[in-house]
Amino acid sequence: MQSKSVKPRTPVANHRFWLIFFGLMLFFAASVVFYVWRALRPIPPAPEALSALSSDAAVSVEARDWGYLMKPTHNTAQLGLAFYPGARVDYRAYAPVLRQIAAAGYPVALMWVPFNLAITDQDRAKVVLEGYPQLRWVLAGHSMGGVAASNFASSDDPAVRRSVVGLILWASYPQYDLSGLTLPTLALFGSKDGLIPAEKRALEVPRMPKGTRVEVLEGLNHAAFGAYGAQAGDQPADLPQAEGWEQIARASIEFLQQVDSR
C-alpha cells in the first residue's frame, strides 16, 4: 500500500502567514500604545488656571521641583495646605481655587505627580513636609488625589503624624476604611457629580475619619473643582464656574481656620 505524499507548504504560503502574524502583532502593539498614551495624557488646564499662577500683591507664586508654592504676601499662619491633583488632570488646573485659599493667608503646595496619577506617588507630600518643618499641614486632593491624600494622612510614620493635622477631600473618599482614625476632615461633594452620585456617596461617607464634616455643594459637578473643562461620565454643572470655585474655596478656608485655631 502506497502512502500519500504530503505536499510541502509553498514559500508564498509561508510568506503570507508571517505577513498576517506580524501585521496582527503590530496592530496589537499600536493599540496598547494608543490606549496607554490616552490614559496618561493629562487633561490640559484652562487659561484661567494658568493666569492664577502669576504673582501679585496678595499671593506670591514660586516654582518648585515638586510643583508650585503659593504664598500669601502678608501671612502669619503656621498652617499650610498640600494638594494632590485628580487622575489625568494637569495639576495646574486647580490653581484658581487654591489661589483663593492662599490669598486667605494659608501657604498652598500644588504638587505635580508622575504620569498625572496621584496613586503612583502617594508619599509626594513628604518632600513638602520636610521642606517646611515649621508648618503644620492639611492634606487635600481631588478625586484620585483625595485617595492619595487620605492614604498618606493615615500613615503610621511619626513625622507624618506630627505634621499632618487635617484632611480635605474634594469629590473623593478614602481607599480604605478610616472610620477609626481621629483626624479633622472635610469632604466636599457636588450635587451634580456624575462620577460620585448620591447613592455612592452614602456608601463611602461611613468609611471616612471619625467626625468628618460632609458638605454637598448644590449645582457643582465632578469637574467643577478644577479648571479643565468637561469630564467623561460627569453631569453638567448648574452654577457658573467662578461661583463654584468661590464656594469650594470658602468651605475649605473655613475648615482651615477651624483647624488652625485648635
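An ellipsoid equivalent to the chain, defined through the eigenvalues of its Cα gyration tensor, has semi-axes of 46, 20, 20 Å when rounded to whole angstrom and sorted largest first. Take the Kirkwood radius over Cα pairs of the range 185-231, plug it into Stokes-Einstein at 25 °C and 0.890 mPa s, and you get 217 µm²/s for translational diffusion.
Pairs of Lys residues in the chain, spaced 8 or more positions apart or belonging to different chains, with C-alpha separations under 27 angstrom: 5 in total. FRET efficiency for the pair Glu243 and Asp157, taken as 1/(1 + (r/R0)^6) with r the Cβ-Cβ distance and R0 = 51 Å, rounds to 0.85. Work out which helices of the chain, taken as complete DSSP H runs, extend at least 27 Å along their axis over the Cα atoms and score a mean Kyte-Doolittle of 0.0 or more, then list them. Correct list, ordered by number: 11-40. Assuming R0 = 45 Å, what is the FRET efficiency of Glu218 and Gln175, from their Cβ-Cβ distance, to the nearest 0.05? Once the sixth-power term is evaluated, E becomes 0.95.
Taken over the range 162-250, the ratio of Cα radius of gyration to 2.2 N^0.38 Å equals 1.11. The radius of gyration of the Cα set in the range 85-210, together with its Dmax, comes out at 14.0, 41 angstrom. Here the range 144-201 is treated as a sphere whose radius is the Kirkwood value from Cα pairs; by Stokes-Einstein at 10 °C and 1.306 mPa s it diffuses with a coefficient of 130 µm²/s.
Quick note: the coordinates plus some simple rules give every number you see, no bench work behind them. Remember, predicted model here, so these are calculated numbers, not experimental data. With ideal geometry, Cβ positions are generated from the backbone for all residues, glycine too; neighbour counts draw on all protein chains shown.
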